[in-house]
Amino acid sequence: MRGRSVWLCFLALSVASVINVQARLVRNHFPGTCEYNLASDCHESYQEFSVHMRRTVKDGNPTVSHVVVTINDLLFYLSKDMVTVNDIPVKLPHFNAGVQVEKNAGNIKLQSKVGITVMWNGDDAVMVELDTDYANRTCGLCGDFNGVPVHDEFIHNGRKISPIEFGNKQKLHRPNEVCEDPDEEEDESREAVLDSCKEFQTTCAQMLRSEPWSSCTTLIDPEPYILTCVQDMCGCSNSPNDFCVCSTLSEFSRQCSHAGRTPPNWRTPQLCAKQCPFNMVYEESGSPCMDTCTLLDTSSLCEDHKIDGCFCPPGTVFDDISMRGCIAQSECQCKHNKIYNSGEVYRQDREECTCVEGKWACKSLQTPATCAVEEGSHDKASPKFTILVQLVPCANQEFDTCLKGLKIVLNNDRNNVLMFTSDGTVKQNMQTVSLPYHSGDINIFHASSFHIMLQTSFGLQIQIQHVPVMQVYVSLDQSYRAKTRGSA
């Protein structure tokens, strides 16, 4: 992983949009409905990443119709209905070459090991987070990440340009696409419009400076948002429950949450109400790592900042197996070829597994030996195989080691090697293979979304967990008793 991610760019679309770069605010009334460069690596001959988005207007309300993220040779197309990778539809969660795409709390999140995170709420807000390695290397609506106040982005050839002209310069020119640039002269009447809208100043100030927002306003200056709120109310139908006002309040709430404070649950059935699927509830600030039946410990390991969205009520987890919404953990099922209720038993060969609250509790009918690799250095050898693991310092624990990869040498032939990496990639002799995979005595398949199982005909079974951290569990048949050597 690169340097610590500290640079954030938020794009929230309303009639008067708010763009935040390192807590510096620029009000930008930008009505363009083309596809725009949000943030790209622009200072190398080889572009490592780019983030593009298309803005559109639906039912009179501005929204983002899709986000396109390119990382090296992979193109991720994110829309409300589907996600594609190089034009091929994929199911979430999806892992590919160090890139993870998942959906939680109503947000689509893309995270790459090259040092970029993109989060889109499926509507009007996109966030890009970059590692410091990209300082002074970016371009687009988010700016150049050079530490200079964001207002310098609006200087072009020594001339100050308007927000609309700046936005137009970020438009992507697609062949055979007709897309009109917004009129740059619209900015000239901006001050006059503000003068005529001052009657809304008191209403907006009361909304954003009220006591429920006090934990936010002590850290974040509400004035830019009040100014945007004034424009929003003036440009809409002068009602506080219009979309544009909701967008401004929502973005102020997000900024507060990203800053580590707790915004109030300010929405009401009459003001900017949000509907959630199943029996989920909408919260302004919750953990993006939601516990599910297949990932019960996700929230306890989560290091991401809180976000707004739909969450399960306390004491419940999301059923990502039968999609029944939020349920008690005791009601979680297990899945292996089919769905098993808690208490049901699955038997295969010499193993018996019982579903217990979403987890398999397995026992061998012949009591094989088991070697667990969670940290430290391990290897296991016999005439048929050698198992090696690669350990590296953990990213966030200075004195701990973490698994990065597993290598299995078959029949002690260095030209017959299986490799498993922490991002879920499986290779045979350096060639990536797709799962399920069968070759000779080897059978490899996905036991769950985040577990890979290797089974052999010669008494070796390995379970590889690659999310949230890589762990390896090795089981051996009783015939190997006293015939192995290694760290376990």
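Brief remarks on what is shown
- Accessible area of Phe166 in the full protein assembly, 1.4 Å probe (Å², nearest 10): 20 Å²
- Here the Karplus curve 6.51 cos²θ - 1.76 cosθ + 1.60, taken at θ = phi - 60°, turns the phi angles of the range 406-419 into couplings of 10, 10, 10, 9, 8, 6, 6, 9, 5, 9, 9, 10, 9, 10 Hz, with x standing for Gly and Pro.
- Built amide H within the under 5 Å cut-off of Val426, gap 5+: Val433
- In this rough spin-label picture, where each label sits 7 Å from Cα along the Cβ direction, the Val85-Leu435 distance is 1.3 nm.
- Distant-in-sequence amide contacts of Glu48, defined by a placed amide H-H separation under 5 Å and a gap of 5 or more residues or a different chain, comprise Asp41.
- Under 11 Å, Cβ to Cβ, from Cys293 - net charge with Lys/Arg +1 and Asp/Glu -1: -2
- Out of every Cα-Cα pair that the range 436-488 contains, those further apart than 13 angstrom amount to 64 percent.
- Only protein heavy atoms count here; on that basis, with a 1.4 Å probe, Asp59 has an accessible area of about 140 Å².
- Summing charges over all other residues whose Cβ lies under 13 Å from the Cβ of Phe278, with Lys and Arg as +1 and Asp and Glu as -1, gives -1.
- Against the criterion of solvent-accessible heavy-atom surface with a 1.4 angstrom probe, His438, His94 sort, most first, into His438, His94.
- Summed side-chain charge close to Ala328 - residues other than Ala328 whose Cβ falls under 14 Å, Lys, Arg +1, Asp, Glu -1: -3
- Applying 1/(1 + (r/R0)^6) with r as the Cβ-Cβ distance of Lys103 and Gln329 and R0 = 25 angstrom yields a FRET efficiency of 0.75.
- Relative to one another, the C-alpha centroids of the range 285-357 and the range 65-114 are positioned 23 Å apart.
- Residue-wise HN-Hα coupling along the range 207-213, computed from phi with Karplus coefficients 6.51, -1.76, 1.60 (Hz; x: Gly, Pro): 5, 8, 10, 6, 4, x, 9
- With contacts taken as Cα pairs under 8 Å at a separation of at least 6 residues, the range 197-291 carries a relative contact order of 26 percent.
- For the set Ser448, Ser434, Ser479, the ranking by accessible area, highest first and with no ligand, DNA or RNA atoms included, is Ser434, Ser479, Ser448 under a 1.4 Å probe.
- Of Lys80/Lys407; Lys109/Lys160; Lys80/Lys306, pairs whose Cα-Cα distance is over 28 Å: Lys80/Lys407; Lys109/Lys160
The values are calculated or read from the model by the stated rules, or taken from the named source; none is laboratory data. This one's a predicted model, so the numbers in the text were calculated from it and none came from an experiment. Note that we place each Cβ from the backbone using ideal geometry, even for glycine, and neighbour counts take in every protein chain shown. Protein only, heavy atoms only, side chains kept; ligands, DNA and RNA dropped before computing areas. Shrake-Rupley method; radii C 1.70, N 1.55, O 1.52, S 1.80 Å.
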